[in-house]
Protein chains: 2
Amino acid sequence: MSEVRVIQIHESVFAQNDRTAESIRERLKKQGTLFLNVMSSPGSGKTTTLVALINRLKDRLRIGEMDVDIESSLDAQRVADLTGIPALQIHNGGLCHIDADMTARALLEYDTEGLDLLILENIGNLVCPAEFDTGAHRNVTILSVPEGDDKPLKYPLMYQVSDVVLINKIDTADYFDFSLEKARQRILNLNPKALIFPISARTGEGLEAVCEWILQEAERLRDSEG
Amino acid sequence: MSEVRVIQIHESVFAQNDRTAESIRERLKKQGTLFLNVMSSPGSGKTTTLVALINRLKDRLRIGEMDVDIESSLDAQRVADLTGIPALQIHNGGLCHIDADMTARALLEYDTEGLDLLILENIGNLVCPAEFDTGAHRNVTILSVPEGDDKPLKYPLMYQVSDVVLINKIDTADYFDFSLEKARQRILNLNPKALIFPISARTGEGLEAVCEWILQEAERLRDSEG
């Protein structure tokens, strides 16, 4: 009886992705560049939040931004226009995520040498981006108040893989049926170490605390390498 | 020189899906069941909207509902609790869409004979669900005001495949930087035949017009078969 060969396509895809992700993480760590991967639903305010954070941080850190969308270049243009930093738009051709290989290809086109902070604005989606390690040092997800406090129950993996959750549009909390306490408990049940920051990218509420966290992470990365 | 065999995996997946979808559409048409596929971002108010529509229609139509989520059963439970109609929860195991085969399997478990209207609440996602024909007679997408009027620019396929766009949470329009006119133009540029209904699932604004459209579609389906 001859042996049957079994190929685990699914596993090998993820295993290869994880190796590439680890190489990206190492290379960026060596050059002292903190790499943040920012994920969320469409319309939760990723770009607005990033613009607000970059403008608060750009005198203290050298920042680069890469933006993933299916076919439009609106977000990278908005970041470049509103912050003055160089932004790269990645078109992923209709996929619902970006993986480590795609990130590696983008890094060939985008010079990150000398950056203290590299931000990846992932595609608006709560499912696929959570499945692929992009090589970021930290994952951040944004949950906006109008989306509801049940999102951690419905998209658990996103919250399990995220180190930080920004609860955005907190200035609209009175208007929507959203319990910050319930959201917090549901996130912590999935991920007890998650840092949770209520913010409003529009009013600026809570953003200084997020900037402080980013500055500390950047410093920690440099120290660990130095 | 031997010939190289080329297999178009991508095309054949979609071709097979389209055939299954067509069979579903035909079978449901024959039995006089209008099948609506409802798509949107997470948190745009799909379940709330469906509950409100079903409660307005359930004395006039026999309605069934199937709900797709990764692993939770919150939405089907909410629909069943708040409307009293039978609802089926489909767990798709982490995928970001439901295709025609999955719908066909669900229809084996869920008795639709005698229903006038079958609603599929697709997974919250603006990318993948747009790519797979589920066998529905009509596609509906919900865009909620807090998500922003730029979503048609960023997720064009969703709007190209949708017959109807519900612009939800319209009662919050003053609070967000959302232009109904811009959203409408952007949708119509992608899909000149799209019907657009501004609604508020919370206040009830605009829902009667949507009910009227559903009633007319159900009647048209029965007439075409009769």
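The values are calculated or read from the model by the stated rules, or taken from the named source; none is laboratory data. None of these values were measured; they are calculated from a predicted model. Every residue, glycine among them, receives a Cβ derived from its backbone with ideal geometry; neighbour counts consider all protein chains shown. What goes into the accessible areas is simple: the full protein's heavy atoms, side chains included, and nothing from ligands, DNA or RNA. Shrake-Rupley method; radii C 1.70, N 1.55, O 1.52, S 1.80 Å.
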Self-check item: Solitary cysteines of chain A, where the nearest other Cys Cβ is not under 4.7 Å
Solution: A:Cys211
Quiz prompt | Sequence of B:Glu71, B:Glu65 when ordered by accessible area, the most exposed leading, probe 1.4 angstrom | solution = B:Glu71, B:Glu65
Practice problem: Using a 1.4 angstrom probe on heavy atoms only, work out the carbon and sulfur share of the accessible area of the range B:22-123 in %. | Solution: 49 percent
Quiz prompt | Size descriptor, Kirkwood hydrodynamic radius, that averages inverse alpha-carbon separations across the range B:166-226, Å | solution = 13.2 Å
Exercise. Go through A:Lys29/B:Lys151; A:Lys154/A:Lys182; A:Lys46/B:Lys193 and tell me which ones have a Cα-Cα distance over 25 Å in this structure.
Key: A:Lys29/B:Lys151; A:Lys46/B:Lys193
Quiz item: In Å², nearest 100, what accessible area do chains A and B bury in total when the solvent probe is 1.4 Å?
Solution: 2600 Å²
Exercise. State in Å² the accessible area per residue of the range A:95-162; use a 1.4 Å probe, count heavy atoms of protein chains only, and round to the nearest integer.
Key: 27 Å²
Self-check item: Residues of the range A:109-124 buried by at least 50 Å² on assembly (accessible area, 1.4 Å probe, chain alone as reference)
Solution: none
Quiz item: Which lysines does A:Lys30 reach when only Cα atoms under 23 Å apart count, and residues fewer than 8 places away in its own chain are ignored?
Solution: A:Lys58
Practice problem: First check a/c for chain A, with a ≥ b ≥ c the square roots of the eigenvalues of its C-alpha gyration tensor; if it is under 1.5, answer rounded, and if not, answer prolate when a/b is larger than b/c or oblate otherwise. | Solution: oblate
Exercise. Taking 30 Å² as the minimum loss, tell me which residues in the range A:145-166 lose that much accessible area going from the chain by itself to the full protein complex (1.4 Å probe).
Key: A:Pro146, A:Leu153, A:Lys154, A:Tyr155, A:Pro156
Quiz item: Between the range B:19-82 and the range A:153-226, what's the alpha-carbon centroid distance in Å?
Solution: 33 Å
Quiz item: Expressed as a fraction of 2.2 N^0.38 Å, the rule-of-thumb size for a compact globular protein of N residues, what is the C-alpha radius of gyration of the protein assembly as shown?
Solution: 1.02
Practice problem: Compute the signed sum of charges (Lys and Arg +1, Asp and Glu -1) over the other residues within less than 14 Å, Cβ to Cβ, of B:Thr203. | Solution: -2
Quiz item: Which of A:Leu36, A:Ile24, A:Leu190 sits farthest toward the positive end of the charge dipole of chain A, with +1 on the Cβ of Lys and Arg and -1 on the Cβ of Asp and Glu?
Solution: A:Leu190
Practice problem: Anything losing 50 Å² or more of accessible area from the isolated chain to the full protein assembly: pick those residues out of the range B:40-56, probe 1.4 Å, ligands and DNA/RNA ignored. | Solution: B:Pro42
